[in-house]
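One structure is given here, and the rest of the page talks about it.
The values are calculated or read from the model by the stated rules, or taken from the named source; none is laboratory data. If you're wondering where the values come from, they're calculated on a predicted model, not measured in any experiment. Backbone-built Cβ (ideal geometry, glycine too); neighbour counts: all protein chains shown. To get the accessible areas, we keep the full protein, side chains included, count just its heavy atoms, and leave off ligands, DNA and RNA. Shrake-Rupley method; radii C 1.70, N 1.55, O 1.52, S 1.80 Å.
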Amino acid sequence: QPKVQVIIPVYNASKYLKRCFESLINQTFTNWEAIVVDDASTDNSREIAEKFIAKDERFKFIPLDENCGASRARNFALSKISEKYTAFLDSDDYWENDMLEVMVRRAEESDFHVVQCRFIYDFPGGRQVLPRGAFNEDTVLDKSKMEKVYFKMATGINMNHVCMKLIKSEIIKGIQFDPELKTAEDLKFCVKMFSKVSKYCFINKAMYHYCRNDESLTGKGLGAKEKFNTNRTVSKVMKAELP
């Protein structure tokens, strides 16, 4: 079996970390390694992580001495990638038990560079919402049809996250997250990534739980000027990649 390395940046996620890690342990596909980067948490996230690491050697723990933000934490984990596939899991989110099995099987069938699934919004109190998928059905695109991916990026958000994707590691070699961006850092990463993708697969099955809470609201507290500058930065990157 190929191995999947899962990048999990952690910062003050003690309320959600057990659920996140258990969703990994419960995967029907077992050949994974979790690279957990603790971004100098001030709660007991580190203690929770260390308990799981003591029980399961597939968890690799990297504590940072000072808080540097999710992008730098992810970039630190990216420097440790050495296996065939990479996946991203945020510490307040979780996976369906068969997510890796389904996505690895599809990736191996046709040597896809990126395999993506649908996601479910989980809200406080247990309410769940299933948004429209990036595509309406299972979809396969080759290099000549990749403009459809960029169109989805420009007109919605369902394509813009790294967390719903299984990625062939060689595709993202040398690509990093922009630590200067306060929002849309995933989108900028994906824009650069897809310029190297020749085979893409979308699975019309929701397997990633995207949990919305006060700590994880994208762009929360950002002013209009900062949002505008972020959009301008990402737009320039997209324009450069579109040819």
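What residue, among those in segment 129-163 that are modelled with pLDDT under 90, within 27 Å of Val6 (Cβ to Cβ) and among the polar types (S, T, N, Q), is most open to solvent (accessible area, probe 1.4 Å)?
Asn158
Please identify the pairs in which a residue from segment 128-150 that is more than 23 Å from Asp93 (Cβ to Cβ) has its Cβ atom under 8 Å from the Cβ atom of a residue that is open to solvent by 20 Å² or more (accessible area, probe 1.4 Å) and assigned to a loop (DSSP other than H, G, I, E, B), counting only partners at least 6 apart or on another chain.
Asp142/Ser198; Lys143/Ser198; Glu147/Leu242; Tyr150/Leu242
List every residue pair whose Cβ atoms sit under 8 Å apart, with the two residues 6 or more apart in sequence or on different chains, where the first one lies in segment 189-206 and is surrounded by 19 or more Cβ atoms within 10 Å (Cβ to Cβ) and the second, anywhere, is of a type in the set (Lys, Arg).
Val197/Lys143; Cys201/Arg106; Ile203/Arg106; Ile203/Arg118; Ala206/Arg118
With respect to the numbered conditions (1) farther than 20 Å from Leu89 by Cβ; (2) assigned to a helix (DSSP H, G or I), which one is the sole condition not fulfilled by Glu180?
(2)
With respect to Trp95, determine if the residue is among the aromatic types (Phe, Trp, Tyr), modelled with pLDDT of 95 or more, open to solvent by less than 50 Å² (accessible area, probe 1.4 Å) and closer than 22 Å to Met159 by Cα. Write out each step before concluding.
Numbers: among the aromatic types (Phe, Trp, Tyr): yes; modelled with pLDDT of 95 or more: yes; open to solvent by less than 50 Å² (accessible area, probe 1.4 Å): yes; closer than 22 Å to Met159 by Cα: yes.
The answer is yes for Trp95.
Look through Ala87, Ala107 and report the one residue that is part of a helix (DSSP H, G or I), aliphatic (A, V, I, L, M) and surrounded by 21 or more Cβ atoms within 10 Å (Cβ to Cβ). Walk me through it before giving the result.
On the way: Ala87 fails: part of a helix (DSSP H, G or I).
It is Ala107.
Is there a residue being in a strand (DSSP E or B), at pLDDT 95 or above and either over 17 Å from the mean Cα position of the chain (by Cα) or among the hydroxyl-bearing types (Ser, Thr, Tyr) (or both) anywhere in segment 185-198?
So the first thing to find is which residues in segment 185-198 are in a strand (DSSP E or B), and the list is none.
No, because not a single residue in segment 185-198 is in a strand (DSSP E or B), at pLDDT 95 or above and either over 17 Å from the mean Cα position of the chain (by Cα) or among the hydroxyl-bearing types (Ser, Thr, Tyr) (or both).
Among the numbered criteria (1) surrounded by 17 or more Cβ atoms within 10 Å (Cβ to Cβ); (2) over 27 Å from Val102 (Cα atoms), which single criterion is violated by Ala49?
Single failed check for Ala49: (2).
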